[in-house]
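Asker: Got a structure for you, written out below as structure tokens; questions coming shortly.
The values are calculated or read from the model by the stated rules, or taken from the named source; none is laboratory data. Not measured: the values here are computed from a predicted model. All Cβ positions, glycine included, derive from the backbone under ideal geometry; neighbour counts span all protein chains shown. Heavy atoms of the whole protein, side chains included, go into the accessibility calculation; ligands, DNA and RNA do not. Shrake-Rupley method; radii C 1.70, N 1.55, O 1.52, S 1.80 Å.
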Amino acid sequence: MVTGANGFIGRNLVAGLMGAGWTVLAVDQVPCEGVAADSVVLDVRTPGGLAPLLDSETTVFHLAARADIRFSVQHPREDFDNNVRGLFETLEAARQCSSRIVFASTASVFSADNPLPWVETGLPRPMSPYAAGKLAGEAYCYAYHRCYGVDVRVARLFNVYGTGMTRFAIYDLIRKVQADATRLEILGDGNQVRDFLYVEDAVRGLEIIAARGRPGEDYNLASGVPVRLLDLARTVATLMGHPGITLAPTGRSFPGDTPRWYADISKIRALGFEPRISLEEGVRRTIEWLLRDEDRAGRRRP
């Protein structure tokens, strides 16, 4: 089962699992149009809603959430209701049915003061309500594992990107270059560091955690490669045919933003995971997909 199956990662995960031979049920609170798997429209926050769909052979990939730091800062109550309550009801259903859960958490749970690269044992100190909700979710996962024996595994995702994305840094940069090929505005000073993982690699990582991970353990799911936003912006512009574009950092950020992060992925590498798609190749695929999507929709490219 994939909850949040209509999201960017969720749709890719459904397709990847089906391609690997899994029987998949896609769950979302809106209809999963265009998804090849069987699907159910369900709000996972509904008490008792998931249990009839689970059994002891089910692995639940819990992706249902609102992954938006800025929204969480503006609307912390709604963020809590969406993200923490949804996981709680999923854990309750898994406890009743002896199902396994792979919980999609975030690198945002870590303190920005941890030494780089970030390891799983780093100090957690969230900088946003969204990250606080994910950390609370991790704590509930560990508690349900220790108190009730629920098989939970935590996948701590860093910056996932790729075909199907409709927001976040790489998407925004592509759209900005389309709008103005002479000047590219970048949030902050451009020296922020991120760790980008192509969505196909993220899907493989989630599957590996489900198949080979240990119950009650957490795993950083990332590329392990640090990338400055200035360098990312130059890569995007160059691949779009505008290598001489002027990069224009704004000097402004937003509450909850973390200046620098990248992961130590030794723990998940020990399970056999290795990123396959380089940043340049992944960005190229993402650009090509966005342009094809525009052509299919009949929109004119800038």
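Asker: Tell me, rounded to the nearest percent, the portion of alpha carbon pairs in the range 1-62 spaced more than 13 Å apart.
Answerer: 56
Asker: While we're here: Asp55 to Arg228: FRET efficiency via 1/(1 + (r/R0)^6), r the Cβ-Cβ distance, R0 45 Å, to the nearest 0.05?
Answerer: Between Asp55 and Arg228 the formula returns 0.45.
Asker: If you don't mind, there's one more thing I want to ask. I need the per residue convex hull volume for the range 110-267, using only the alpha carbons, in cubic angstrom as a whole number.
Answerer: Per residue, the Cα convex hull of the range 110-267 comes to 120 Å³.
Asker: Dimensions of the chain along principal axes (Cα, Å, largest first)?
Answerer: Computed over the Cα atoms, the extents are 58, 45, 39 Å.
Asker: Pick from Gly19, Gly164, Gly48: which residue has the top mean-square fluctuation in a GNM of the chain where Cα pairs under 10 Å get a spring?
Answerer: With Cα springs under 10 Å in the chain, the top fluctuation among Gly19, Gly164, Gly48 is at Gly19.
Asker: 7 Å from Cα along Cα→Cβ at both Arg183 and Arg70: what's the point-to-point distance in nm?
Answerer: Reported label-point gap for Arg183 and Arg70 is 1.9 nm.
Asker: How far, in nm, would the chain grow between Ala211 and Asp113 when pulled straight, counting 0.36 nm per residue and subtracting the alpha carbon separation?
Answerer: 32.0 nm
Asker: Contour minus end-to-end for Leu271 and Leu247, with contour as 0.36 nm per residue of separation and end-to-end as the Cα-Cα distance?
Answerer: 4.7 nm
Asker: Follow-up. Which of rounded, prolate, oblate describes the range 68-145, given a ≥ b ≥ c as roots of the alpha-carbon gyration tensor eigenvalues and a/c under 1.5 marking rounded, otherwise prolate only if a/b is larger than b/c?
Answerer: oblate
Asker: A further question follows. Below 8 Å, C-alpha to C-alpha, sequence gap of six or more: please give me the relative contact order for the chain in percent.
Answerer: Value for the chain: 18 percent.
Asker: Here is a follow-up. When the Kirkwood hydrodynamic radius is evaluated over all pairs of different C-alpha atoms of the range 1-141, what value in angstrom, to one decimal, is obtained?
Answerer: Final number for the Kirkwood radius of the range 1-141 is 15.7 Å.
Asker: Could you give the angle, 0 to 90 degrees to the nearest 10, between helix 8-19's Cα long axis and the longest principal axis of the Cα atoms of the chain?
Answerer: Rounded to the nearest ten degrees, it is 60.
Asker: Distance between Cα centroids, the range 157-196 to the range 54-123: provide it in whole Å.
Answerer: 24
Asker: Using a/c under 1.5 as the rounded threshold, could you call the range 156-201 rounded, prolate or oblate? The axes a ≥ b ≥ c are square roots of the C-alpha gyration tensor eigenvalues, and prolate needs a/b larger than b/c, oblate otherwise.
Answerer: oblate
Asker: Could I ask something else about it? Quick one: among Gly133, Gly272, Gly162, which has the greatest mean-square fluctuation in a GNM of the chain with alpha-carbon springs under 10 angstrom?
Answerer: Gly272
Asker: Could you tell me which of rounded, prolate or oblate describes the range 95-139, using a ≥ b ≥ c as the square roots of the eigenvalues of the alpha-carbon gyration tensor, with rounded for a/c under 1.5 and, failing that, prolate when a/b is larger than b/c and oblate otherwise?
Answerer: Because a/c hits 1.5 or more and a/b exceeds b/c, the range 95-139 counts as prolate.
Asker: Still on this structure: Please calculate how many Å² of accessible area the chain carries per residue, with a 1.4 Å probe and no DNA, RNA or ligand atoms counted.
Answerer: 45
Asker: For the chain, which whole-number percentage of the solvent-accessible area (1.4 Å probe, protein heavy atoms only) is attributable to carbon and sulfur atoms?
Answerer: Solvent-exposed carbon and sulfur of the chain make up 50 percent of the total.
Asker: I would also like to ask the following. For the range 189-231, what log10 I(q)/I(0) values come out of the Debye formula at q = 0.16, 0.17 1/Å, with one point per alpha carbon and no solvent?
Answerer: -0.53, -0.57
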